[in-house]
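For reference, the structure discussed in these notes is given below.
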Amino acid sequence: MAILRRNQKAKFEGGGLVLFQEVSQAIAGEKILKAAGYLVRLVAPPPELRKGCDLAVEINLIEQPGIERLLKEKDMAYVSIEPIRVKTAPLLEVVKVTDFGRWVMVKAGNMKITYEKDSGVIVNVSGGGCPDIPYLHAELVDKRLDQAPRPKDLGFTLCALNLERALDECLALHSGGSKT
Amino acid sequence: MMLIAGTVPIKDMPLTLDKVTSEGDYLVVGGRKIPCTQGTGAMVSAALATTSYLGLEAPQVLLVGDIGKGDGSRKLYQYLIDQVKELSPAVLALHYWLPDMAQTRQLCAAVETCARRPIMVADAASMYSAKAAGLAEKFDIFTPDATEIAFLADPEATHPAYINRHLFETDISRAPELAKAAYSNHGAARLLLVKGAVDYIIKEGEVLATITEPDVPALEPIGGTGDTITGLVSAFAFAGLELHEAAIIAARTNRMAGKYARVTPASKVREVVAQFPAVFKDYLCQWSNVCCTEGGKSDD
């Protein structure tokens with residue numbers, strides 16, 4: 001067995017852009033994200049994505065939820081976060097519900113939450129592939145829907161964002177309504 | 001050697017390379033107990049159950065703690081980039097991590113320098129970054145579910161959250177059509193094991209097999225039952241089975257274990273993994289002509 005230490009040396013290749021209204025905001029935004037350990041860089045946004053200034057911060061798009069939360073915590077204004085590939089579809093918001101009798105499974109994008117109808121206790125979380133999902137699985141399972149932590153508060157990735165949507169729908173269903 | 005690399009949801013676990021063992025319901029890696037739960041834990045548990053039954057060398061695992069910030073993920077991939085040539089695994093199975101296209105690109109380049117190219121398996125976010133970086137064809141096996149095959153089919157998507165709505169389909173019956181699109185977009189590995197109510201084994205766009213029995217719908221809600229399929233197929237590939245055979249047997253094993261465990265949507269994945277030895281004992285010889293008793297001793 002070996003405990004291994006390596007310095008991170010990889011080049012950065014993002015996939016998403018944080019768009020700002022002003023150049024000074026883009027520079028400040030980059031500083032905040034770098035200080036928090038995110039791999040980011042200042043870039044010129046492509047013309048079709050320009051919504052504000054001519055400077056944007058390139059991010060790993062997968063990390064969108066964690067970055068949104070951090071910018072909000074730091075009171076850092078930005079216009080929007082967009083995928084760099086302009087043909088990319090908007091965030092998927094399809095939700096599907098499967099009735100298993102005693103349990104209900106709610107699927108939002110690639111994430112699923114299953115809860116017991118009577119108690120409202122989450123019995124399983126499945127789907128996804130980002131590293132916050134096994135962590136969120138451990139944090140959510142065996143908790144009541146209304147007492148479970150919010151994936152948007154604990155998670156960092158797009159998988160967590162979908163899990164948040166699934167939890168929203170579970171809460172709506174359990175309280176007698178549905179958002180879909 | 002079979003090498004499995006991925007993150008685990010243990011904040012302070014350093015990057016650790018070790019041969020995995022088991023202790024009750026837990027894996028033991030680097031002296032730490034890791035639960036058999038959704039993610040790399042379930043995947044490694046399934047692989048270990050298989051190698052143990054077949055009497056093969058236990059998987060070597062490269063694990064690191066990461067709860068989504070990506071710090072552990074980056075260390076893990078950098079270590080692989082630097083060391084894969086020396087490690088020279090026969091099977092390299094990549095699992096949970098924070099997708100990073102640049103590091104995936106570097107890793108695939110490093111793999112090309114190995115004296116013998118490993119069988120490359122990717123699932124979860126390792127599959128996402130391989131596809132997003134345009135490197136899917138460097139991989140031998142992907143194990144997507146119904147949503148993820150739509151992601152592979154969308155040439156622009158870099159994550160399943162950004163799939164074109166017309167491709168997104170939770171009905172698994174569209175898998176062959178989506179797989180064809182994925183192959184034509186260079187978004188698929190050589191072999192796809194598409195996991196769902198019907199499991200599809202697809203090679204170069206052609207459906208080689210479908211597995212529908214036993215039908216255990218309650219497997220879908222259980223976190224980790226897709227991960228176990230990836231662990232199974234990796235281990236059977238390490239055992240020397242043809243990749244499509246490994247995929248077929250993996251899918252059958254998972255289903256049968258779900259049936260043996262009498263799973264409900266509230267069951268845990270460890271209950272499924274616990275049934276693998278019994279399934280192997282009852283069916284492996286029939287399914288594969290690999291006839292042995294537990295521990296790899298010949299049946300005859």
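The values are calculated or read from the model by the stated rules, or taken from the named source; none is laboratory data. Just so it is clear, the structure is predicted and the values come from calculations on it, not from any experiment. Glycine also receives a Cβ, built like all others from the backbone with ideal geometry; neighbour counts cover every protein chain displayed.
Would you say B:MET43 is more than 9 Å from chain A (Cβ to nearest Cβ), touching a residue at least 24 places away in the same chain (Cβ under 8 Å), within 22 Å of A:GLY129 (Cα to Cα) and in contact with a strand residue (DSSP E or B) (Cβ under 6 Å, 6 or more places away or on another chain)?
So B:MET43 fails the test.
Among the numbered conditions (1) surrounded by 15 or more Cβ atoms within 10 Å (Cβ to Cβ); (2) more than 30 Å from B:ARG74 (Cβ to Cβ), the only one that A:GLU58 does not meet is (2). Among the residues making up region B:192-219, those that are aliphatic (A, V, I, L, M) and either over 21 Å from B:ASP154 (Cβ atoms) or surrounded by fewer than 24 Cβ atoms within 10 Å (Cβ to Cβ) (or both) are B:ALA197, B:VAL198, B:ILE201, B:VAL207, B:LEU208, B:ALA209, B:ILE211, B:VAL216, B:ALA218, B:LEU219.
Is it the case, given these coordinates, that A:GLU116 is at pLDDT 95 or above and out of contact with any Phe, Trp or Tyr (no Cβ under 8 Å at 6 or more places or on another chain)? Taking the combined requirement at face value, the residue does not satisfy it.
Residues are listed down the side, and each one gets a yes or a no for (1) in contact with a helix residue (DSSP H, G or I) (Cβ under 9 Å, 6 or more places away or on another chain); (2) without any contact (Cβ under 8 Å) to a residue 60 or more places away in the chain; (3) not aliphatic (A, V, I, L, M):
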| residue | (1), (2), (3) |
| --- | --- |
| B:LEU178 | yes, yes, no |
| B:LEU191 | yes, yes, no |
| B:VAL198 | yes, yes, no |
| B:LYS203 | yes, yes, yes |
| B:ALA239 | yes, no, no |
| B:GLY258 | yes, yes, yes |
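If the condition is being without any contact (Cβ under 8 Å) to a residue 40 or more places away in the chain and under 20 Å from the mean Cα position of the chain (by Cα), then region A:15-34 contributes A:GLU30, A:LEU33, A:LYS34. Of the listed requirements (1) farther than 13 Å from B:LEU54 by Cβ; (2) touching a residue at least 12 places away in the same chain (Cβ under 8 Å); (3) out of contact with any Pro (no Cβ under 6 Å at 6 or more places or on another chain); (4) buried (at least 18 other Cβ atoms within 10 Å of the Cβ), B:PHE280 misses just one: (1). Note on region B:46-69: among residues that are outside any strand (DSSP E or B) and facing chain A (nearest Cβ under 10 Å), the one that is nearest to A:LEU158 (Cα to Cα) is B:GLY68. Counting the residues of region B:150-182 that are part of a helix (DSSP H, G or I) and surrounded by fewer than 22 Cβ atoms within 10 Å (Cβ to Cβ) gives 7.
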